[in-house]
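One structure below.
Nothing in this text is a laboratory measurement; each read-out follows from the coordinates by a stated rule. What you see is a predicted model, and the numbers here were worked out from it, not measured in a lab. With ideal geometry, Cβ positions are generated from the backbone for all residues, glycine too; neighbour counts draw on all protein chains shown.
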Amino acid sequence: MSAAPPAQPDPHTDAPTFILGIDTSCDDTGLGVVALTAAGPQVRSNIVWSQTVHAEYGGVMPELASREHVERIDTLLPRALAEAGIALSDLDVVAATSGPGLMGALLVGLMYGKGLAQALKIPFYAAHHLEGHIYAAASEEGLQPPYLALVVSGGHTHLFDVTGGGEYRLVGATRDDAAGEAFDKVARLAGLGYPGGPAISAAAERGDPLAVPFKTPLQGQQGFEFSFSGLKTAALLAFQRGARPEDLAAGFQRAAVRSLVDTAVRAAEALGRETLVVSGGVAANRALRDAFGQTGLRVAFPAGGLNTDNGAMIALAGAAALRDGQPPSSLDGGAAAYLPLAPLPDLPHFGTSARRKAR
């Protein structure tokens, strides 16, 4: 049996409800504390250990990621509490990512969170990783639905129509690579380093975005899908022809950004949305932020440190569940590598490949 949810913050005393968030969905061990007050949620701490062991492989090795989480998570908890200025006994709620992600990695944080909640006799909330990304931007801006949410990271490229608290409709997803995955692969083939996002961004500042011609993917489509495999292939061919890595980075980034921005803007126009949340690791890309700033939409990005995977965003998702009156999660629930946040759309243009990636 789960513990009963704690009382809502008292507007007269503004006594906060402290929520610990844990995320170990991939290669970042994240713990963060959010204080839920009558005025809204406030991030009190956000401690992230980014694993470097994967750099020599050019991508995440799942088993190594799981081992790193096991070794680090217990040392990060005191740091998260100290930065928040609270003791372990002050925690009121624990939230941890249950999916999607790497199964072994997910289980480390999920089991740790459940054990902690059980030991402290406080409620536990299983959180969806993508929902955490969305709340990382929406909570900071105090946004209320309806709005569009674009999640772009190393493992996800999803476009949701957020119609209410906890109510999502998937309107588009990638057919193949996630945006961040494509950044990593292009950076690797060009010898720019890992992770690819920051490496591409830095190299692009020294390159000519028109020196290597890249076509914007899926131009003229009827729906709101994304595709990055063609850009990856074009980058490989250009590199083999002797293109400068800096020019390759600049051209690839320009095409990827145009694809993300153009598709999101078309979706906003089609659905009548004036506000867009952009979150995930790729949301830290300066060219992407600048491009969205010229669209005329109200665009919300996560605050510093909340773009990439982290525990604070999971605590924000837990705060939203608590605020919306959702009951605590059962301690019997497990992790899920594939966990859709919203039903897959039954649309002609939403093909089989996109359905697989959208899970």
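Of the DSSP beta bridges with both residues in the chain, give the percent that are antiparallel, rounding to the nearest 5.
Working: 29 of 46 bridges.
Here the share of antiparallel DSSP bridges comes out near 65 percent.
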Inset, instruction - Go ahead and set up a Gaussian network model of the chain, Cα springs under 10 Å, then flag whichever of 208, 92, 23 fluctuates most. - result: 208
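List nothing, just return the count: lysine pairs in the chain, 8 or more apart or interchain, with Cα separation under 24 Å.
Working: 185/215; 185/232; 185/357; 215/232; 215/357; 232/357.
Summing the qualifying lysine pairs gives 6.
Counting only C-alpha contacts under 8 Å and six or more residues apart, can you give the relative contact order of the chain as a whole percent?
On the way: 817 pairs, mean separation 88.4, N = 359.
Once normalised by length, the contact order is 25 percent.
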Legend entry - Listed residue (115, 179, 149) projecting farthest to the positive dipole end of segment 84-192, Cβ model: 115
Inset, instruction - Compute the label zone of residue 236 within segment 168-189: residues whose backbone N is under 16 Å from the point 7 Å along Cα-to-Cβ. - result: 176-178, 181-189
Legend entry - Among 21, 155, 333, residue whose mean-square fluctuation peaks in a GNM of the chain (springs only between Cα atoms under 10 Å): 333
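Provide 246, 274 in ascending order of the number of other Cβ atoms located within 10 Å of each residue's Cβ, fewest first.
Working: 246 18, 274 12.
Fewest-to-most Cβ neighbours within 10 Å comes out as 274, 246.
Work through the residues other than residue 238 whose Cβ is under 15 Å from its Cβ and net out their charges, Lys, Arg +1 and Asp, Glu -1. Could the numbers behind the result be given before it?
Details: positive: 185, 188, 215, 232, 241, 244, 254; negative: 208, 246, 247.
Charge balance in the 15 Å sphere: +4.
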Legend entry - Relative contact order computed over segment 253-321 (Cα-Cα under 8 Å; 6+ residues apart), in percent: 32 percent
Inset, instruction - Springs between alpha-carbon atoms under 10 Å, Gaussian network over the chain: tell me which of 237, 91, 106 tops the mean-square fluctuations. - result: 237
Legend entry - Surrounding net charge for residue 211, when Lys and Arg each add one and Asp and Glu each subtract one, Cβ distance under 13 Å: +1
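Kindly put 185, 121 in sequence by how many other C-beta atoms sit within 10 Å of each C-beta, fewest to most. Could the numbers behind the result be given before it?
Working: 185 20, 121 7.
Listed from fewest to most nearby Cβ atoms, that is 121, 185.
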Legend entry - Angle between the chain longest axis and helix 311-323 axis [Cα atoms, degrees, rounded to 10]: 60 degrees
Legend entry - Label-point separation in nm, residue 121 to residue 79, each point 7 Å along Cα→Cβ: 3.2 nm
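Given 0.36 nm per residue, what is the gain on full extension from residue 38 to residue 61 after removing their alpha carbon distance, in nm? Don't skip to the end; give the middle numbers.
Numbers: separation 23, 0.36 × 23 = 8.28 nm, distance 4.23 nm.
Separation in residues times 0.36 nm, less the Cα-Cα distance, equals 4.1 nm.
When only DSSP loop residues count, what trypsin sites (Lys or Arg not before Pro) in segment 203-272 have their Cβ near at most 10 other Cβ atoms within 10 Å?
Working: sites: 206, 215, 232, 241, 254, 258, 266; in loops: 206, 215, 241.
Qualifying residues, ordered by number: 241.
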